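The values are calculated or read from the model by the stated rules, or taken from the named source; none is laboratory data. The model shown is predicted, which means the values in this text are computed figures rather than measured ones. Positions of Cβ are backbone-derived with ideal geometry, glycine not excepted, and every protein chain shown enters the neighbour counts. For accessibility, only protein heavy atoms count, side chains too; no ligands or nucleic acids. Shrake-Rupley method; radii C 1.70, N 1.55, O 1.52, S 1.80 Å.
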Amino acid sequence: NKKALEAIDKADYIFVGPGSLFTSIITNFLLIDILKHYQKSKAVKTYVCNVSTERGETDGFALSDHLKVLKSYGLDFDIILANNKHFKSGQGDGFIKPVILDQDEEGIFSSRLVTKDLINSQNPLYHEIDKIGKEIWAIILKNKKGRL
């Protein structure tokens, strides 16, 4: 879709996620033109990592695992937004766990890591849309002021 490619080319900001890593996020970038335009874009690129793992898709994944997979598909980010408030063990269905903020042993967090409480207080397996919105606006405002 030419309009999608034009939107990527004109974007000042591109936010990727949250969403299912393999079935919602990466699938968009399997379209080679989308990936090429994304890679060439001068936009500030932010990855919003899921707050919890997904059964059958990201079981046992930490933040670094998400980033390694994204990098293997040619995706790099200027900013990584990740949840730092983890829900108690036993919540959810017993298989889903919080995405752990692990160590950056391989330098894959060379992008700027922003950690905030992003969980939904009613259902900690999911993001709170208002919290994500607040952080997205903060990223935009900091960039406009030249603080990135």
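Being modelled with pLDDT under 85, out of contact with any Ser or Thr (no Cβ under 8 Å at 6 or more places or on another chain) and either open to solvent by 40 Å² or more (accessible area, probe 1.4 Å) or acidic (Asp, Glu) (or both) holds for only one residue in Gln122, Gln103, Gln91, and it is Gln91.
Residue by residue through the range 1-49, note down the ones that are of a type in the set (S, T, N, Q) and within 15 Å of the chain's Cα centre (by Cα).
Listed by number, the residues that qualify are Ser20, Thr23, Ser24, Thr27, Asn28, Thr46.
Figure legend. Inter-residue proximity from the range 96-108: first residues closer than 18 Å to Thr53 by Cα and of a type in the set (A, V, I, L, M, F, W, C), second residues part of a loop (DSSP other than H, G, I, E, B) and open to solvent by 60 Å² or more (accessible area, probe 1.4 Å), beta-carbon distance below 9 Å, spacing 6+ or different chains. Indicated pairs: Ile96/Arg55; Ile96/Asp59; Val99/His86; Ile100/His86; Leu101/Asn84; Leu101/His86.
Count of the range 44-69 residues, restricted to those that are in contact with a helix residue (DSSP H, G or I) (Cβ under 9 Å, 6 or more places away or on another chain) and open to solvent by less than 10 Å² (accessible area, probe 1.4 Å), is 6. If you go through the range 9-43 and keep only what is within 21 Å of Lys144 (Cα to Cα) and open to solvent by less than 30 Å² (accessible area, probe 1.4 Å), you end up with Ala11, Ile14, Val16, Tyr38, Ser41, Ala43. Please name all residue pairs, on different chains or six or more residues apart, with Cβ atoms under 9 Å, provided the first residue is in the range 115-131 and is of a type outside the set (Ser, Thr, Tyr) and the second residue is loosely packed, with under 15 Cβ neighbours inside 10 Å and assigned to a helix (DSSP H, G or I). Final answer for the pair search is Lys116/Lys134; Lys116/Ala138; Asn120/Ile129.
Of the residues screened, Asp76 is not one that is open to solvent by less than 50 Å² (accessible area, probe 1.4 Å), under 21 Å from Phe109 (Cα atoms) and of a type in the set (D, E, K, R).
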